[in-house]
Amino acid sequence: LLTITEAVRRAAPRVFLMADMPFGSYPDVPTAVANAARFVREAGADCIKLEADARHAPIVAALSAAGIAVCAHIGLLPQRAPLQGGFKAQGRTPEEAGRLVADAIALSDAGAQLLLLEAVPNEVTAEILQRTAVPLLGCGAGPAADGHVVVTHDLLGFNPHPPRFAEAMGDAPSAILSAARTYAAAVRERKYPAARHQYHMKPR
């Protein structure tokens, strides 16, 4: 992910770049700070995101103290989905909603500069917005969020079974398949490469 993040930074030098801490990269404070610092120092990230709950408040506090901007991701946590019963919406009961609100407050108080809520009811999002003072990004978290994110593959139609909250707003697979079929047919029919695609010897 360091290599990928660095490549994005080279291609987009002036954007706000958030790096996603991979599974197992923040088991404790020293490891989390060391790995997050690499994203900032080596790859040029402006912020790191980590899947978290209130237990991660000390890690968020340490990262913030080290000068690293943190986005705390709560709700559905893809890296921990098996522990949450699979890829299911979170916060749909009063007890779950209360826990998510408490997590958001704890992580915000610890120094998170952003929150990301995934697959939670809009009512939970609205409550967290009222109880915290940081920007809130939604990923299937209803219209109350300050901003919204969606996985590019879902947006472009690559995922045949996208999550409920994602809508394909394009059909990139069909366009790619059509171009590939046209190319393959041109090769089979000896129409490609045509003269305009070829190099020729220079006259003496």
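Return yes or no: is GLU51 over 19 Å from LEU114 (Cα atoms) and either modelled with pLDDT under 95 or not aromatic (Phe, Trp, Tyr) (or both)? Criteria not met by GLU51. In the stretch 98-115, the residues that are more than 18 Å from ASP46 (Cβ to Cβ) form Cβ pairs under 6 Å with partners that are assigned to a helix (DSSP H, G or I) and of a type in the set (Val, Ile, Thr), at six or more places apart or across chains, as follows: LEU100/VAL124; VAL101/ILE128; ALA104/ILE128; LEU107/VAL60; ALA110/VAL60. Look at (1) closer than 17 Å to PRO78 by Cα; (2) open to solvent by less than 60 Å² (accessible area, probe 1.4 Å); (3) of a type in the set (A, V, I, L, M, F, W, C) and you find that VAL151 fails only one, number (2). For the stretch 127-167, a residue qualifies if it is under 20 Å from ALA54 (Cβ atoms) and of a type in the set (A, V, I, L, M), and the qualifying residues are ILE128, LEU129, ALA133, VAL134, LEU136, LEU137, ALA141. All told, ILE59 meets the bar of being aliphatic (A, V, I, L, M), in a helix (DSSP H, G or I), touching a Phe, Trp or Tyr at 6+ places or on another chain (Cβ under 9 Å) and open to solvent by less than 20 Å² (accessible area, probe 1.4 Å).
Listed residues VAL40, VAL8, VAL29; which is under 14 Å from ALA69 (Cβ atoms) and either out of contact with any Asp or Glu (no Cβ under 6 Å at 6 or more places or on another chain) or hydroxyl-bearing (Ser, Thr, Tyr) (or both)? Spell out how you get there, then give the answer.
Working: VAL8 fails: under 14 Å from ALA69 (Cβ atoms); VAL29 fails: under 14 Å from ALA69 (Cβ atoms).
From the options VAL40, VAL8, VAL29, the qualifying one is VAL40.
Considering every residue within the stretch 3-25, establish whether at least one is open to solvent by 50 Å² or more (accessible area, probe 1.4 Å) and polar (S, T, N, Q). Yes: one or more hits. Annotation: of all residues in the stretch 117-139 being open to solvent by 30 Å² or more (accessible area, probe 1.4 Å) and among the hydrophobic types (A, V, I, L, M, F, W, C), the one that is farthest from ALA72 (Cα to Cα) is ALA126.
The values are calculated or read from the model by the stated rules, or taken from the named source; none is laboratory data. On a predicted model such as this, the values are computed, not experimentally measured, just so you know. In this analysis, Cβ positions are derived from the backbone assuming ideal geometry, glycine residues included, and neighbour counts consider all displayed protein chains. Note: areas computed on protein heavy atoms with side chains; ligands, DNA, RNA excluded. Shrake-Rupley method; radii C 1.70, N 1.55, O 1.52, S 1.80 Å.
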